[in-house]
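Working notes, beginning with the structure itself.
All of the numbers you see were taken from the coordinates with simple rules; none came from a lab. Small disclaimer: the values here were computed from a predicted structure and weren't measured.
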Amino acid sequence: MLPRPGEVLHFSEDAAIERFVPHVAATAQQPEAYVWSVDALNAPCYWFPRQCPRVCSWGDGVQRVHAIEDAWLDAMRATRLYAYRFAATDFEAFGDRPHAHVTTRPVSPLGPPDEVGDLVRLHHEQGIELLVLPDLDDHFAGVRAQGLEFSGIRLGNAGVGPAGPFPAQR
């Protein structure tokens with residue numbers, strides 16, 4: 001599930017959003033209210049349950065790899081995810097090395113959302129290796145040490161599965 005030319009996407013587990021209104025996300029590092037979207041390079045980083053911690057990495061000549069904790073695999077298989085399409089001209093790149101696109105105005109999608117489908121299969125179909133690991137720490141350290149491009153998303157949830165904190169024996 002990638003944007004078409006001239007589009008950006010917003011992924012959500014909610015299939016009934018008709019209008020997106022800028023807000024300050026609970027995890028925001030800036031005080032401005034935005035509606036967030038992603039381009040084709042970054043869309044695969046959002047083919048996950050919203051709260052799922054993940055490390056996504058890629059680079060020239062290196063296969064794209066996404067990693068999750070094993071406690072999230074069942075949720076990834078069960079999650080119904082939707083992609084909302086927007087005109088890219090309604091958004092602007094965020095930051096010097098844009099990983100996302102934002103708008104400060106309310107926006108409506110170009111149409112109803114598309115159901116993304118099987119998230120595990122989508123990774124396979126797009127040639128993205130999906131690693132399922134006991135934890136993400138060593139993998140994330142290795143990605144940074146290799147100097148790869150990466151995105152670490154919801155890492156504050158690492159060690160916390162969909163049902164709550166991991167058991168102490170982990």
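Numbers below:
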| quantity | calculated |
| --- | --- |
| Gain on full stretching of the segment that runs from A145 to T104 - 0.36 nm per residue minus C-alpha separation | 11.2 nm |
| Mean Cα-pair separation over length for the chain, i.e. relative contact order, pairs under 8 Å, 6 or more apart, % | 31 percent |
| Rounded Å value of the spacing that divides the Cα centres of region 64-107 and region 1-53 | 4 Å |
| Region 131-137 - phi-based ³J(HN,Hα) in whole Hz, Karplus 6.51/-1.76/1.60, Gly and Pro as x | 8, 10, 10, x, 8, 9, 4 |
| Anisotropy class of region 10-71 from Cα gyration tensor, a/c 1.5 cut | prolate |
